[in-house]
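Structure record follows, encoded as structure tokens.
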Amino acid sequence: MEKILCFGELLLRISPPATKNWLSQHQLQVYLGGAELNVAHALANWQMPVAYCTALPKNFISDDIINQLNNAKIDTSSIQRGGNRIGLYFLQQGSDVKNKLVYFDRRGSAFAELQPGKINWENILANVKWLHFSAIVPALNDSLVQVCEEMLEVASKRNIIISLDLNYRASLWSPSRKPGMILPSLAKYCQVIMGNIWSANLLLGAPLHLPSTDKIMKEAYLHHTESTVSYIVNQFPKCHTVANTFRFDLPDGAVQYYASLFHEGQFCVSPEMTSNQVKDKVGSGDCFMAALIYAIEQKMQTQQIINFAAAAAFGKLHEFGDVTQQTIPDIIKIMQKYA
């Protein structure tokens, strides 16, 4: 059976509560994380055949992690064993990985030390129909850019669908490395690109021209999205599907969410969803990406695809941890609520 393969770094998320007494009370929660692993977990939860490729050291912690992934029905046979450590990141509960309350500790990790010419991509991609990775991978170092290029060249020759999540983490990019000079060389292989108008500007060079006011209307964002889509499909001719998400923190503490999709020549927008009961903002974009892959694989219509993906991402905001536990009926219920 052909599988969906997700390639990226597995991270342990160390997540202290927002209260200041977590040290004295010995409270420190740990979650399995990593953008691509979150996608793989969601797809496995939705009964999609999925494999995960990363690098982990040879120790008992990695063994426990691999056992857990196997129990989640994720194929771990492509995981590379070696190196000295697992990457970590520290994030206060309820915070967003884009804000100042996040600290990445992944330098020297097994994944960050991967080198080109060491992974047998012909074997790994032999039974793969869809390959997914994110912009976080090439953000780590130039060696991983070369590893990605090797992987994408083999996948492209095999006519594998390739998707890219334009995750932008400013703290991962050193001042000497310009993402806009690196990501286009990888995006040229991709048929599906997901992100937002800001990440498309920073990572792919798409023009950004929003009104110079604090109160930008939804219509202005969506109009800009169409120009961003036009830029991407013209710059990267292999790309036929572009998704853009919008998540805003409102003054009253609520979160507003909606998304758009260009697919099969059609442009559609999801319903707008709002909640003041958000539990965890981490992983909502990964959940969107997994749901986008799922819906496309299920051959849904364009409007259904974006409604499903947006509902899944919105639902993830109401769960703790990096990985969604939502079922397909859970997501459909959200879709029906906001129809």
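Region 249-339 holds helices (runs of 4 or more DSSP H) entirely within its bounds, and those carrying 2 or more residues that are touching a Pro at 6+ places or on another chain (Cβ under 8 Å) and within 27 Å of Val229 (Cβ to Cβ) map to 302-316.
Ser24 falls short of the stated requirement of being at pLDDT 95 or above, part of a loop (DSSP other than H, G, I, E, B) and either more than 17 Å from Arg107 (Cα to Cα) or of a type outside the set (Asp, Glu) (or both).
Would you call Ala51 under 20 Å from the mean Cα position of the chain (by Cα), assigned to a strand (DSSP E or B) and small (Gly, Ala, Ser)? So Ala51 fits the description; yes. Taken as a whole, the condition of being more than 22 Å from Tyr338 (Cα to Cα) and in contact with a Ser or Thr (Cβ under 8 Å, 6 or more places away or on another chain) applies to Ile193. In summary, Tyr89 fulfils each of the numbered conditions (1) exposed (fewer than 15 other Cβ atoms within 10 Å of the Cβ); (2) in a strand (DSSP E or B) with the single exception of condition (1).
In the set (1) within 17 Å of Ile293 (Cβ to Cβ); (2) of a type outside the set (A, V, I, L, M, F, W, C); (3) at pLDDT below 95, the condition left unmet by Thr241 is number (3).
Okay, residues lined up against (1) of a type in the set (Ser, Thr, Tyr); (2) out of contact with any helix residue (DSSP H, G or I) (no Cβ under 7 Å at 6 or more places or on another chain); (3) surrounded by 15 or more Cβ atoms within 10 Å (Cβ to Cβ):
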position: Ile162; (1), (2), (3): no, no, yes
position: Asn167; (1), (2), (3): no, no, yes
position: Ser171; (1), (2), (3): yes, yes, no
position: Ile216; (1), (2), (3): no, yes, no
position: Leu261; (1), (2), (3): no, no, yes
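The residue list Gln301, Gln336, Gln266, Gln326 contains one member that is modelled with pLDDT of 95 or more, closer than 18 Å to Asn38 by Cα and more than 16 Å from the chain's Cα centre (by Cα), which is Gln326.
Against the test of being surrounded by fewer than 22 Cβ atoms within 10 Å (Cβ to Cβ) and either touching a residue at least 12 places away in the same chain (Cβ under 8 Å) or of a type in the set (Val, Ile, Thr) (or both), the options Val229, Val269, Val323 yield a single qualifying residue, Val269.
The values are calculated or read from the model by the stated rules, or taken from the named source; none is laboratory data. Only a predicted model underlies this, so the values are computations on that prediction, with no experimental measurement involved. Ideal geometry is used to build each Cβ from the backbone, glycine not excepted, and the neighbour counts take in all protein chains shown.
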